[in-house]
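Asker: Structure below; questions to follow.
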Amino acid sequence: MQDISTTTVEGLAGAPYLDKVTASSATAPASPATLSITGETDRVYTPASVETTLTVSEKGTPAFEIVRENLENVVVWNPWEEKAKGIKDFAPKDGWKEMLCVEAGQVAGWTKLEGGDAWEGGVTIKALL
């Protein structure tokens, strides 16, 4: 991303989330359907479906498509200026202006398997540039 202030994430509308910055839970609004990054962001979303497509756009132009398969959660993270200064290996220190982590996974809880069970999950990230 070239400018975090013009970056949005689409595909999380109506999803409950844990906001790790404010230590609170909420639900993403249905409108607007996009998430804008306007400050430190560290959220774990749990969309209704485990198979959804997310779109990361910059200046309204889709840049990346993220397809989740059997993964319950989506982490959206940007440390913003103050937190980036405190991360020793975060470089360059103003790199927070040009980065966004959007990561599919199983992070809000355990996936329990009984003996002989199997589980698969995956993510495909496609550059649209």
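The values are calculated or read from the model by the stated rules, or taken from the named source; none is laboratory data. If you're wondering where the values come from, they're calculated on a predicted model, not measured in any experiment. So basically every Cβ, Gly included, is an ideal-geometry build from the backbone, and we count neighbours across all protein chains shown. Accessible surface is based on the protein model in full, side chains and every heavy atom, while ligands, DNA and RNA are left aside. Shrake-Rupley method; radii C 1.70, N 1.55, O 1.52, S 1.80 Å.
Asker: Test of the criteria: in the range 1-54, which GluC sites (Glu not before Pro) are in a DSSP loop and have at most 16 other Cβ atoms within 10 angstrom of their Cβ?
Answerer: Loop-located and lightly packed - Glu51.
Asker: Still on this structure: Within the chain, what is the longest stretch that has no chymotrypsin sites (Phe, Trp or Tyr not before Pro) placed in a DSSP loop and near at most 12 other beta-carbon atoms within 10 Å?
Answerer: By the stated rule (loop sites, at most 12 other Cβ atoms within 10 Å), 1-109.
Asker: Give a quick list of trypsin sites (Lys or Arg not before Pro) in the range 61-117 that DSSP marks as loop, anything other than H, G, I, E or B, with at most 16 other Cβ atoms within 10 Å.
Answerer: Those satisfying the criteria are Lys88, Lys93, Lys112.
Asker: So if we plug the beta-carbon distance of Lys126 and Ala23 into 1/(1 + (r/R0)^6) with R0 = 35 Å, what FRET efficiency do we get, rounded to 0.05?
Answerer: Efficiency at R0 = 35 Å is approximately 0.55.
Asker: Ignoring ligands, DNA and RNA, what percent of the accessible area of the range 38-129 is carbon or sulfur (1.4 Å)?
Answerer: After summing per-atom areas, the C and S share lands at 51 percent.
Asker: Have a look at Thr52, Thr22, Thr41 and tell me which one the Gaussian network model of the chain (Cα, springs below 10 Å) gives the largest fluctuation.
Answerer: Looking only at Thr52, Thr22, Thr41, the biggest GNM fluctuation is shown by Thr22.
Asker: Turning to a different aspect of this structure: Long-range amide H contacts for Ala28: which residues qualify at under 5 Å (H placed 1.01 Å from N, peptide plane, sequence gap of 5 or more or a different chain)?
Answerer: For Ala28, the qualifying residues are Gly14, Ala15, Tyr17.
Asker: If you don't mind, another one. Rounded to whole Hz and in sequence order, give me ³J(HN,Hα) for the range 35-50 from the Karplus expression 6.51 cos²θ - 1.76 cosθ + 1.60, θ = phi - 60°, writing x for Gly and Pro.
Answerer: 9, 9, 9, 10, x, 3, 10, 8, 10, 10, 8, 10, x, 4, 9, 7
Asker: Continuing with this model, one more query. Please give the per residue volume of the convex hull enclosing the alpha carbon atoms of the chain, rounded to a whole number of Å³.
Answerer: 126
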